[in-house]
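S.K.: Before anything else, here's the structure in question.
Read-outs throughout are calculated quantities, based only on the coordinates presented, and are distinct from any laboratory measurement. Being a predicted model, the structure only gives us computed values, none of them experimental. Note that we place each Cβ from the backbone using ideal geometry, even for glycine, and neighbour counts take in every protein chain shown.
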Amino acid sequence: MNNAKPVLWTGGWDSTFRVIELFNRGIQLQPIYIKDSSRGSMEKEIETISLLTDLIQERFKDSKGKILPVKLIDRKDIKSDLYLKMMYKSIKRNQSIGTQYKWLSYLSKNYEGLEIGFHKKDRDRMLKPHELKEIIDETNGKNWIVDPKKTSFIKAQLFKNFRFPLVYISKLEMKDYAEQNGFLDIMLNTWFCHRSEEIPCGECAPCKQYVINDFGFRLEELS
C-alpha cells in the first residue's frame, strides 16, 4: 500500500471530515469502500467519493496530502472469523450493535489501527468515555482506542484493532469547524441515505439518525 494510511470512506459526513483532516496533515490516504449489493445507494456513494476526492485535492492544493484511487472490497469477500463472531454475538445479547461492526472487525485483522467514524453521539450508544484511551497516532494527531483495562473482555476483543478519531466531536461541531475553515461547501456534497441515489428517503437508518443528530436540515435541502 506504499505506506498509505487506509481509511474507510463511504462518501458520508463523518468519514469525509476525517479524510479532509488527514489530507491537510499531508498524509497519503488509501480510501477503502465496502461494496454491499443490498444497499441501494452503493453507486451513488462511489460516485460521491470520486467527486469529493476532486474537490478536496483542488481546494487544498497546497497540502502535501494525497488520495489514492479508492479500493473496492466486496462485503461477501471479507473472510469471517468465528472468534470475533462470538464476541459480536455476546455484545448483541446485551445492547444494540450494528452488523457492520462484526464484518469490520473481520476486516480490521488485515488493517490494524483501522479507523471507525464514531462521533460523539455514536460513542455514547456504544462505549463510555472511560472505556477509551487517548493516544498520539502515526499522523501526530490525537486518536482513541479501547482500553482493555477499562472495558469488558468481549468489547476489548471485538474493537482491539480499531481507532476512534471522532469520538469527542459531534456532527454539528464538525459543521461549525468546516464552516470556520472554509470547506463546508465540500461537506455538503456528502451522501447518507442507504436506499436512494437522488432524494433521501427519510426512512432508512442513516436518514433517521440524521434527524436524531440534529442534522435534519440535510434531508430538507436535498428533498
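S.K.: Output the pairs from LYS44/LYS79; LYS79/LYS121; LYS128/LYS171 with a Cα-Cα distance over 28 Å in this structure; if there are none, say none.
M.R.: LYS79/LYS121
S.K.: Amide H neighbours of LYS35 under 5 Å, at least 5 residues apart or on other chains, H built in the peptide plane: list them.
M.R.: ILE73, ASP74, ARG75
S.K.: Let me ask something else. Compute the distance from the alpha-carbon center of the range 11-56 to that of the range 191-223, in whole Å.
M.R.: Taking the Cα centre of each part, the range 11-56 and the range 191-223 sit 17 Å apart.
S.K.: For Cα pairs less than 8 Å apart in space and 6+ apart in sequence, what is the mean separation divided by the residue count of the chain, i.e. the relative contact order in percent?
M.R.: 23
S.K.: Something else: Under 1.5 on a/c is rounded, so check that first for the chain, then, if it is not, pick prolate when a/b is larger than b/c and oblate when it is not; a ≥ b ≥ c are the square roots of the alpha carbon gyration tensor eigenvalues.
M.R.: Since a/c stays below 1.5, the shape of the chain is classed as rounded.
S.K.: Further question on the same structure: Would you please put 180-189, 13-22, 27-36, 193-202 in order of how densely packed they are, using the mean number of other Cβ atoms within 10 angstrom per residue and starting with the highest?
M.R.: 13-22, 27-36, 193-202, 180-189
S.K.: Name the residues whose placed amide hydrogens come within less than 5 Å of the amide hydrogen of LEU114, ignoring near sequence neighbours (fewer than 5 apart) on the same chain.
M.R.: ARG163
S.K.: What fraction of the DSSP beta bridges in the chain is antiparallel, stated in percent and rounded to the nearest 5?
M.R.: Of all bridge pairs located within the chain, approximately 30 percent are antiparallel.
S.K.: Let me ask something else about it. Provide the per-residue ³J(HN,Hα) series for the range 206-211, in order, calculated from phi with Karplus coefficients 6.51, -1.76, 1.60 and θ = phi - 60°, each as a whole number of Hz, with x at glycine and proline positions.
M.R.: x, 4, 5, 5, 4, 5
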